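Here is the structure we will look at.
Just so you know, all these numbers are worked out from the coordinates, no wet-lab data involved. This is a predicted model, so every value here is computed, not measured. Methodologically, a virtual Cβ is constructed for each residue, glycine included, from the backbone with ideal geometry; neighbour enumeration extends over all protein chains shown.
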Amino acid sequence: MNALLIVDVQNDFLPGGNLAVPKGDQIIPIINNLQKKFQLIVASRDWHPANHGSFASNHKKQKPGDITELNGLEQILWPDHCIQGSPGAELSPLLNQNFIQRIVFKGSNPEVDSYSAFFDNGHKIETELHSYLQKKSVKRLFVTGLAADVCVWFTVKDALHLGYETFLITDATKGVNINPDDTQKALDDMKQKGAILISSDQVEDFM
Ligand code: VGL
Ligand code: ZN
């Protein structure tokens, strides 16, 4: 079975949001179009409590972009984003949600960040994504969404570890680029680790 995974296409990651990915909105029509080609579509949502340890606002004298340590893990501090129940945490109203069979929430533990849709950053707690995909006999995972150099990157790395044939759809993702070349580095790393980078018009060739 093939599955389409839509990572964190939430208002806070889109232009106008608190942690906007430049041009992040441009991927939405591409994802909506891709959905027509899949029988199984799953999505993730970043879902933080207001006291989340990844927010600069919860650390004294720190600002977004600063690097700190959170329970032994290096942590970039972010602006407040995707606070549970807030409009910024909603999936974009422009994203077609009618065919999404399962939504995985991540980042609820204030003590640890959770970039990947599969595991927290300490690889201690697993979301239900892997067991769900296993139940559906998914072998090939096609990854889209935001941000290419953060949550999409970590999700792809975990998908490869877990043994999925993992495709990154390059025109259906965009990076936040805290440093200008972050997205290129993330794409190179995914490819080096075994992900297959394709454009949305190539998807059928790999199904
Ligand atoms: C994300 C930064 C912080 C993402 C989530 O979805 O890429 N980035 N939390
Ligand atoms: Zn987050």
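Listed values, structure above:
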quantity	calculated
Long-range Cα-Cα pairs in region 30-74 (distance over 13 Å), rounded percent	69
Dipole of region 1-136 [Lys/Arg +1, Asp/Glu -1 at C-beta], most positive-end residue of 35, 117, 84	35
For region 66-205: rounded, prolate or oblate by the Cα gyration tensor [a/c cutoff 1.5]	rounded
Rg and Dmax of region 1-97, Cα atoms only, in Å	15.4, 49
Distance between region 127-206 and region 19-89 - C-alpha centres, whole angstrom	16
Entries of 157/185; 106/185; 60/106; 36/191; 139/185 with Cα pairs more than 20 Å apart	106/185; 60/106; 36/191; 139/185
Sequence-separation-based contact order of the chain, relative, with Cα cut under 8 Å and 6+ spacing, percent	24
Around residue 103: net Lys/Arg minus Asp/Glu count, Cβ-Cβ under 13 Å	-1
On Cα atoms only, tilt of 182-193 relative to the major axis of the chain in degrees	50
